[in-house]
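Below is one structure, written out as structure tokens; comments come after it.
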Amino acid sequence: MHGFKIHHVLHKKDNTKVEFSPEILSKVQQIIKRYPEGRHKSALLPILHIAQEELGGWLSPAVMDYVASLLSIQPIEVYEVATFYTQFYTQPVGKYVLEICQTATCAACGGEDIMEHLENKLGIKAGETTTDGLFTLKGVECLGGCGYAPVMQVNTEFHEHLTTEKVDALLEELKNNKNADKAKESKWAEKFF
Amino acid sequence: MGRKILLENIDKEGIERFDVYRKHGGYTALEKALKLTPDEVTEEVKKSGMRGRGGAGFPTGMKWSFLDKKSNNPRYLICNADESEPGTFKDRYLIEKLPHLLVEGLIISSYALGVNTCYIYVRGEFKYLIGILNKAICEANANKFLGKNILNTGYSLDIHVHSGAGAYICGEETAQIESLEGKRGNPRIKPPFPALKGLYDCPTVVNNVETLAAVVPIISMGGEEYAKIGTGRSTGTKLISASGHINRPGVYEIEMNISVEEFLMSDEYCGGMKNGKPLKAVIAGGSSVPILPAHLILKTANGENRMMTYESLADGGFATGTMLGSGGFIAYDEDSCIVRNTWNLTRFYHHESCGQCSPCREGTGWMERVLHRLENGEGRMHDIDLLTNISKNIEGNTICPLGDAAAWPVASAIRHFRDEFEFHVKNPGIVKNIKHGSLKKYTV
Ligand SMILES: Cc1cc2nc3c(=O)[nH]c(=O)nc-3n(C[C@H](O)[C@H](O)[C@H](O)COP(=O)(O)O)c2cc1C
Ligand code: SF4
Ligand code: FES
């Protein structure tokens with residue numbers, strides 16, 4: 001169930017200033033225009049995705065308050081949404097979130113072995129982040145790629161037909177930063193929204 | 001080879017681009033539709049007999065005719081691309097390969113419904129599809145098939161892509177509407193139905209990706225011709241997402257007149273079971289439909305060949321049958337542990353329950369805990385009846401069908417594989433040592 005997890009983070013002091021760049025702000029305005037006059041709240045989910053990507057990788061209270069102010073809605077309206085959807089992180093996460101499907105077909109085709117392998121390799125349990133802040137490991141529900149099981153998603157990219165060798169190679173690649181910020185370079189918000 | 005009408009051009013180089021799609025006859029159905037009145041287009045869809053491809057199988061033409069056209073409010077069409085039902089991945093495939101087929105279907109459907117604003121609700125994990133769709137929409141706009149005054153007919157339409165953020169429940173149409181309004185995905189109590197009060201309390205139709213894409217061939221060939229494909233009330237072709245222990249997992253377009261056995265065994269489709277292992281069970285229509293053991297999925301209780309149709313899969317009701325659902329076909333080989341699989345699915349539903357109704361919120365968690373202890377060799381014999389009992393108390397007692405979807409897999413697993421549940425209670429030592437549910441050569 002999607003519970004309220006917000007109290008875990010509210011006490012954390014957050015001094016970082018949060019603000020979108022002018023380009024992102026104009027993208028936000030463009031998104032808001034997709035909805036009828038007075039229905040700007042509809043833009044909340046897309047904007048939260050962008051906020052999470054652009055403003056630190058997770059939705060801190062300060063980021064959520066900023067989004068509320070952009071849309072002229074109450075902060076609570078943002079909190080209740082952010083805590084409902086699994087793709088929004090209300091706790092800090094690593095640079096790469098490894099989301100491994102644990103559902104039906106993936107489970108039947110080795111998804112749980114992949115998770116176990118990653119837990120051993122990274123020395124953390126599902127839900128935790130490595131101390132260097134590079135990887136967060138997360139078990140997720142069906143990613144809509146069952147025919148290519150087992151499946152994992154890293155940020156926006158899908159990795160399919162996983163084997164332990166493939167996973168190891170991917171970890172190396174991410175560690176060596178070869179593909180670092182690939183999505184960002186090519187204008188993340190523009191590309192996906 | 002079965003006839004392909006949706007995926008006909010899927011292998012054409014560059015078919016995701018406007019010019020190539022157009023060269024292969026793209027947008028001619030739209031040109032044809034715009035020469036008809038909106039009601040005539042709806043009439044063709046009615047004649048086609050096509051049933052919604054999102055899971056419930058409700059006839060699309062009939063659904064469209066319920067849309068309140070008298071109200072002065074704007075009307076909306078929402079294309080449901082949330083695709084989160086475990087076992088289902090066809091909509092993603094269709095959008096990725098044939099984005100213009102969907103866009104054309106959306107324009108025709110919007111025209112029929114008198115809609116000037118259409119949203120495509122894409123599940124948040126499929127961000128890459130948003131780029132593909134936006135590009136197709138741009139191209140259609142540039143070529144005057146979309147936007148203001150389409151092909152000088154005076155009809156105007158905007159299509160916007162909207163992103164979800166990871167919540168299975170947002171595939172349910174009223175939860176999707178809430179989510180599109182920027183809220184938590186809590187399903188609404190029906191009535192009122194979206195056809196009268198949907199997005200922003202305006203008349204709204206929510207249809208699945210495949211449903212809306214299929215409007216294109218329906219208009220091209222005419223509703224009557226479309227209705228000749230398939231059998232009985234299962235007209236047309238259906239995309240099946242095939243996964244599990246088979247040789248050729250993937251998305252297949254089938255004419256709804258082939259047998260389950262042909263689908264599973266022939267090289268044109270699943271290509272038989274992986275490593276030649278015997279089939280143990282199949283979930284035929286996505287995780288929410290009842291699981292069937294091999295003998296009941298291949299033949300009905302009357303000994304007839306089970307067909308890949310709405311009617312045949314449902315033959316025997318829930319006692320011996322199942323549902324076509326969203327066409328998520330998952331095959332399990334003989335080593336699969338049904339108890340673990342049932343626990344897995346129940347964990348899924350518990351995680352995805354929006355929490356509004358107590359039977360669903362509490363019941364899914366309760367079933368998950370009981371199944372977890374059974375799976376780990378810590379169960380008791382009466383847990384099995386307890387599970388049946390909980391599932392019965394969820395079914396039919398909730399705001400939205402997620403409750404039923406959580407109850408059916410449990411009830412059907414116990415109905416057909418009770419011996420395997422009992423085995424878990426009687427053999428805790430063996431069960432505890434089984435890794436990840438691989439119940440190798442299990443014999444009761
Ligand atoms: C829990 C739940 C999840 C659903 N998920 C989806 C989905 O991902 N995609 C979809 O098209 N329909 C989904 N549906 C069905 C929709 O509510 C709705 O019936 C469907 O989009 C209507 O489209 P159709 O008439 O074209 O089938 C879901 C229903 C429920 C109860
Ligand atoms: S049945 Fe479950 S998912 Fe549906 S409204 Fe009730 S609690 Fe929410
Ligand atoms: S079960 Fe893993 S992607 Fe569907």
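Quick notes
- Antiparallel DSSP beta bridges within the stretch A:96-176, as percent of all bridges there, nearest 5: 55 percent
- Charges were assigned to the Cβ only: +1 to each Lys and Arg, -1 to each Asp and Glu. The resulting dipole of the stretch B:236-333 about its Cα centre is roughly 360 debye.
- Per-residue HN-Hα couplings for the stretch B:229-243 [Karplus 6.51, -1.76, 1.60; θ = phi - 60°; Hz; x = Gly/Pro]: 7, x, 9, x, 8, 9, 8, x, 10, 9, 7, 10, 8, 10, 8
- Cα centroid separation, the stretch B:123-155 to the stretch B:287-319: 40 Å.
- Net charge over other residues, Cβ less than 9 angstrom from the Cβ of residue B:171 (K, R count +1; D, E count -1): -4
- Treating each Cα of the stretch A:96-176 as one equal point scatterer and applying the Debye formula with no solvent, the log10 of I(q)/I(0) at q = 0.22, 0.26 Å⁻¹ comes out as -0.97, -1.37.
- Residue-by-residue Karplus 3J(HN,Hα) for the stretch B:52-64, coefficients 6.51, -1.76, 1.60, Hz, glycine and proline x: x, 9, x, x, 7, x, 7, x, 5, x, 5, 4, 5
- Extension gain (nm, one decimal) between residue A:126 and residue A:164, 0.36 nm per residue minus Cα-Cα: 12.0 nm
- Mean Cβ count within 10 Å, highest first, over the residues of peptides B:19-27, A:110-118: A:110-118, B:19-27
- Each residue of the stretch B:371-385 is assigned a 3J(HN,Hα), and the resulting list reads 5, 5, 6, 4, 4, 9, x, 10, x, 10, 4, 6, 4, 5, 5 Hz, derived from the Karplus form 6.51 cos²θ - 1.76 cosθ + 1.60 (θ = phi - 60°), x at Gly and Pro.
- Whichever lysines have a C-alpha closer than 18 Å to that of residue B:148, once near sequence neighbours (fewer than 8 apart) are set aside: A:33, B:35, B:135
- For the residue pairs B:23/B:197; B:90/B:274; B:90/B:277; A:41/A:191; B:63/B:228; A:138/B:277, the C-alpha atoms sit more than 30 angstrom apart in B:23/B:197; A:138/B:277.
- Close amide H contacts of residue B:197 (hydrogens built in the peptide plane, cut-off under 5 Å, sequence separation of 5 or more or a different chain): B:204.
- Chain A - share of DSSP beta bridges that are antiparallel (%, nearest 5): 55 percent
- Shape category assigned to the stretch B:18-228 from the gyration tensor of Cα positions, a/c cut at 1.5: rounded
- Shielding value for A:105-115 is 6, the average number of Cβ atoms from other chains within 10 Å of each residue's Cβ.
- Candidates B:244, B:57, B:355, ranked by Gaussian network fluctuation over chain B, Cα under 10 Å, top entry: B:355
- Shielding of peptide A:69-82 by partners, expressed as the average count of other chain Cβ atoms within 10 Å per residue Cβ, is 1.
- Under 5 Å between amide hydrogens, built in the peptide plane, is the criterion, and for residue B:160 it picks out B:118, B:119, B:120 among residues at least 5 positions away or on other chains.
- Each helix, a run of at least 4 DSSP H residues, gives -39500 (n - 2.57); summed and divided by the residues of chain B, these come to -13000 deg cm²/dmol at 222 nm.
- Taking the square roots of 5 times each eigenvalue of the Cα gyration tensor of the stretch B:338-443, largest first, gives ellipsoid semi-axes of 25, 12, 11 Å.
- Looking at the protein assembly as shown alone, DSSP beta bridges between its own residues are antiparallel in about 50 percent of cases.
- Cβ-to-Cβ counts within 10 Å put A:49, A:161 in ascending order as A:161, A:49, the fewest first.
- Spatial offset of the stretch A:90-147 relative to the stretch B:78-118 amounts to 30 Å, using the alpha carbon center of each.
- Under the Debye formula (equal points on every Cα, no solvent term), log10 I(q)/I(0) of the protein assembly as shown at q = 0.05, 0.07, 0.09 Å⁻¹: -0.21, -0.43, -0.73
- In this calculation the C-beta distance from residue A:157 to residue A:33 is compared with R0 = 35 Å, giving a FRET efficiency of 0.75.
- Between the stretch A:71-85 and the stretch B:20-42, the C-alpha centres lie 42 angstrom from each other.
- Cα gyration tensor category, rounded, prolate or oblate, for chain A with a/c compared to 1.5: prolate
- Restricting the trypsin sites (Lys or Arg not before Pro) of the stretch A:28-109 to loop positions (DSSP other than H, G, I, E, B) with no more than 13 neighbouring Cβ atoms within 10 Å leaves A:33.
- Counting Cβ atoms of other protein chains within 10 Å of each Cβ in A:38-50 and taking the mean gives 5.
- Percent RCO, i.e. relative contact order, over the stretch B:1-158, from Cα pairs under 8 Å lying at least 6 residues apart: 25 percent
- Choice from A:77, A:157, A:53 showing the highest fluctuation, given a GNM over chain A with Cα pairs closer than 10 Å: A:157
- Estimated distance in nm for a label pair at residue A:23 and residue B:138, the labels positioned 7 Å out from Cα along Cα-to-Cβ: 1.4 nm
- Ranked list, fewest to most other Cβ atoms within 10 Å of each Cβ, for B:205, B:260: B:260, B:205
- Order of A:47, B:132 under a 10 Å beta carbon neighbour criterion, fewest first: B:132, A:47
Values in this text are rule-based calculations from the coordinates and carry no lab data. What you see is a predicted model; the values in this text were computed from it and never measured. Don't worry about glycine lacking a Cβ; one is built from the backbone with ideal geometry, like all the others, and counts go over all protein chains shown.
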